[in-house]
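Enquirer: The structure's right below; bear with me while I get my questions together.
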Amino acid sequence: MLSFDARRVQGALFDLDGTLVDSLPDLHYAVCEVLKTWGLEPMEEEEVGRYIGKGAIHLAAEVLRARKPDATNEERDRFVKEYVDTLAGMGCSHTRSIPGVLEALEIFRSEGLKLALVTNKDGVLIDAVLEQAGLSPYFPKDLRFSADDVPTPKPAPDMLLLAASRMELDPADCMMLGDSRNDAQAAANAGMPVILLETGYNEGEPIAKWGPQNGFCDIFKSMDLAAKSFSSSRH
């Protein structure tokens, strides 16, 4: 059973990377390509995964900090730009929807929920990722929100509040689904319940450990299990 009243929920807000899609192979490849052009040591996929969740600028800046701690601000800005350009140019051919996601989205939609995307990923990358993963039909373009749309990205509540407003719903009548502390804290800051998933990254710390330690107990191994629990809680 969920810790909140599922019968009240009318809208579901979803994170992207680690929640709906596994984009790590593409992000890792782009990171290593830029590191190679800079003559820096490549990075393992697992380490890149620790920096996912706060957007491309944060990820690239942390990668450079790890490989070149004495980098100047100018070098950091140049590295970030090269990473974003590389990622945008190579596409997202290795990105896939996470197992169980399509079934879950069908369940949420059958429950009559409005669905929105709220991601710290750069807005220019979102449409291609959704298309590649086969998720575009579930998220109308006017309900896709990125860090470009708000003054402050997650864990600030701005993006979630904007999504709720666009759906014409009270934030308390929405729920957030994500894989990281950023998603959990953003939901708490927005006054909405959150379901956390063990399918993502959470900066290298298992969400199943971090969640209960910080007061978040609705945690599932996959989104289809979360959707089935949500549906049964409404009937």
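Enquirer: Where the second residue is modelled with pLDDT under 95 and buried (at least 24 other Cβ atoms within 10 Å of the Cβ) and the first is among the basic types (Lys, Arg) and lies in the range 179-191, which pairs have Cβ atoms under 7 Å and are six or more apart or on separate chains?
Expert: 181/202
Enquirer: Among the candidates 39, 18, single out the residue that is surrounded by 23 or more Cβ atoms within 10 Å (Cβ to Cβ) and not aliphatic (A, V, I, L, M).
Expert: 18
Enquirer: Same structure again: Just a yes or no: is a residue in the range 23-32 over 12 Å from residue 87 (Cα atoms) and either of a type outside the set (S, T, N, Q) or outside the structural domain of residue 129 (by TED's automatic domain parsing) (or both)?
Expert: no
Enquirer: Of the numbered conditions (1) modelled with pLDDT of 95 or more; (2) within 20 Å of residue 180 (Cα to Cα); (3) buried (at least 18 other Cβ atoms within 10 Å of the Cβ); (4) of a type outside the set (Phe, Trp, Tyr), residue 3 fails exactly one; give the number of that condition.
Expert: All conditions are met except number (3).
Enquirer: Looking for whichever is surrounded by 24 or more Cβ atoms within 10 Å (Cβ to Cβ) and small (Gly, Ala, Ser) here; the options are 180, 165, 222. Which one fits?
Expert: 180
Enquirer: Tell me the helices (runs of 4 or more DSSP H) entirely within the range 50-153 that contain at least 1 residues that are under 18 Å from the mean Cα position of the chain (by Cα) and loosely packed, with under 15 Cβ neighbours inside 10 Å.
Expert: Correct list: 123-133.
Enquirer: Just one of 54, 36 is free of Cβ contacts under 8 Å to residues at least 12 places away in the same chain and on the phi < 0 side of the Ramachandran plot; which is it?
Expert: Unique residue meeting the criteria: 36.
Enquirer: Considering the range 208-235 alone, what residues qualify as being in contact with a Gly (Cβ under 7 Å, 6 or more places away or on another chain) and either of a type in the set (Phe, Trp, Tyr) or within 24 Å of residue 55 (Cα to Cα) (or both)?
Expert: 219, 222, 223, listed by residue number.
Enquirer: For residues in the range 173-218 being in a loop (DSSP other than H, G, I, E, B) and among the hydrophobic types (A, V, I, L, M, F, W, C), which is farthest from the chain's Cα centre (by Cα)?
Expert: Selected residue: 217.
The values are calculated or read from the model by the stated rules, or taken from the named source; none is laboratory data. Since this is a predicted model, take the numbers as computed values, not measurements. All Cβ positions, glycine included, derive from the backbone under ideal geometry; neighbour counts span all protein chains shown.
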